[in-house]
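The values are calculated or read from the model by the stated rules, or taken from the named source; none is laboratory data. Computed from a predicted structure; not experimentally measured. Positions of Cβ are generated from backbone atoms using ideal geometry, with glycine treated the same way; all protein chains shown enter the neighbour counts. Surface accessibility is based on the protein's heavy atoms, side chains included, excluding ligands, DNA and RNA. Shrake-Rupley method; radii C 1.70, N 1.55, O 1.52, S 1.80 Å.
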Amino acid sequence: DWFLPSQDELYLMYQNIGKGNAYGLGNVGNFFDNFYWSSTEYTDKFTRGVTFNFGNQAWQNKYETHKVRAARAF
């Protein structure tokens, strides 16, 4: 029941429990100021993700090393 969130789901995590939350709660998800992978593929060599320092949505090479944040289905 654990999965790698899509780019849109990951961006919602940034907005709600990351540094970009609109409720003024702070970074309750304890995200680092790094790029996080999503399950959304851009091409066979690139995938989409979100930077948690500013909330930028971007693509990165799949051979690079970045953080992940799994989500749990409920």
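Among beta bridges from DSSP that stay inside the chain, the antiparallel ones total about 90%. The mean sequence distance of close C-alpha pairs (under 8 Å, at least 6 residues apart), as a share of the length of the chain, puts its relative contact order at 35 percent. What distance in nm lies between label points placed 7 Å from Cα along the C-beta direction at Asn21 and Arg72? Spacing of the two 7 Å Cα→Cβ label points: 1.8 nm.
Dipole check for the chain: with +1 at the C-beta of Lys and Arg, -1 at the C-beta of Asp and Glu, and the Cα centre as origin, the magnitude is about 120 Debye. By the Stokes-Einstein formula, at 1.002 mPa s and 20 °C, the chain with its Kirkwood radius over alpha-carbon pairs has D equal to 174 µm²/s. Database remark: amide H of Thr47 closer than 5 angstrom to the amide H of Tyr42, Gln60, Lys62 (H placed geometrically; neighbours at sequence offset of 5 or more, or on other chains; Pro and chain starts carry no H). Relative to the longest principal axis of the Cα atoms of the chain, the long axis of helix 7-16 makes an angle of roughly 20 degrees. Taken one residue at a time, the phi angles of region 25-41 give Karplus couplings (6.51, -1.76, 1.60, θ = phi - 60°) of 7, x, 8, 5, x, 6, 7, 7, 7, 9, 7, 10, 5, 10, 8, 7, 8 Hz. Gly and Pro are set to x. Taking the Cβ-Cβ separation of Lys62 and Phe32 as r and a Förster radius of 25 Å, what is the calculated FRET efficiency to the nearest 0.05? Between Lys62 and Phe32 the formula returns 0.80. For Leu4, Leu10, the ranking by accessible surface with the largest value first comes to Leu4, Leu10, using a 1.4 Å probe.
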